Amino acid sequence: SVNFHRLLLRAERQFGMRRLGELDAVLTLGTAWGPDPLPIQQLLFVRGTGPGSGLFVPLVFQTFDMATFAGNRLASIHLQHRTGVLRLERLKQRPLLNLHYNAGWSRLVEPERHRFIMNEATYLPLLDLRKGYFEGGISLSRLRILGNNMGVGLFYGLSGAALGQPGTVWLADGSNAPLSPGRWAIKLVLTP
C-alpha cells in the first residue's frame, strides 16, 4: 500500500473566431505528493502519441510518448487552430488546414525516491522538463483518397535545451542523460 495524494485539473474550451476559423484549447495542471515513494503509475503524465506511432491524435503531443513525459508536478497546454477549408477545385478537394501548438512543463521531485519499474520487464525513463517542451505543427486533413478522408501532419518539438536549458532524462538505474534538443514527427490524419 502506498500513501499519496494526487490532484489533476483539466479545462477544455472551443473558441469561434469570425473569419479566422476555430480554436480548441486544453489546459492541464497537476501535482502528486506523499510520504512514500510513488510507483511510476501514480506520477502525472502529459498526453502524447510519440513520433513512432504514425497516427495523429488531436490535442496531444505528437513528438513525445505519454509514458516518458512525467513528474510530480506538471502543466500543459494544447491548442489546435482550424483555419478553414482550402478550395482546390482543380483537384476536386476541399481539405482543412490546421495549426497546432503544444507546450508542457514537468518537475520530477527527488527522482531517486520513485519506483521506475512498471513491471519486471519494463524500465521506463522519465523526463524532468522544468524549462518546458514546445511543439508546433501543421496538418492538412479531409483529403479524399480512395474513398476515405485522410490527411498528413508535420510536427516539430523543441526542448528547453535549444534555449540553453536541457531537459533531463532520468533512467531506471538512477543515472540521467540530457534530452535531445529537437524531434520531428510525420503523422497520418484519419477523419470521418
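Only strands (runs of 3 or more DSSP E) whose full extent lies in segment 12-107 are considered here, and the ones with at least 1 residues that are within 16 Å of L158 (Cα to Cα) are 73-85, 96-107.
Looking at segment 1-33 only, could you name the residues that are open to solvent by less than 30 Å² (accessible area, probe 1.4 Å) and either among the β-branched types (V, I, T) or at negative phi (or both)?
Hits for segment 1-33 are D24, A25, V26, T28, G30, A32.
Apart from one condition, R107 fits all of (1) within 27 Å of L143 (Cα to Cα); (2) open to solvent by 20 Å² or more (accessible area, probe 1.4 Å); the exception is (1).
Considering only segment 43-54, state which residues are open to solvent by 30 Å² or more (accessible area, probe 1.4 Å), in contact with a strand residue (DSSP E or B) (Cβ under 6 Å, 6 or more places away or on another chain) and over 14 Å from R183 (Cβ atoms).
Matches in segment 43-54: F45 only.
Pairs are defined by a Cβ separation below 6 Å, a sequence spacing of at least 6 or placement on different chains, a first member in segment 1-14 that is farther than 16 Å from A32 by Cβ, and a second member that is part of a strand (DSSP E or B) and open to solvent by less than 90 Å² (accessible area, probe 1.4 Å); the pairs so defined are A11/L27; E12/V26; R13/A25; Q14/D24.
The values are calculated or read from the model by the stated rules, or taken from the named source; none is laboratory data. These numbers were taken from a predicted model, which means no experiment stands behind them. So basically every Cβ, Gly included, is an ideal-geometry build from the backbone, and we count neighbours across all protein chains shown. Calculation scope for accessible area: heavy atoms of the full protein, side chains included, ligands and nucleic acids excluded. Shrake-Rupley method; radii C 1.70, N 1.55, O 1.52, S 1.80 Å.
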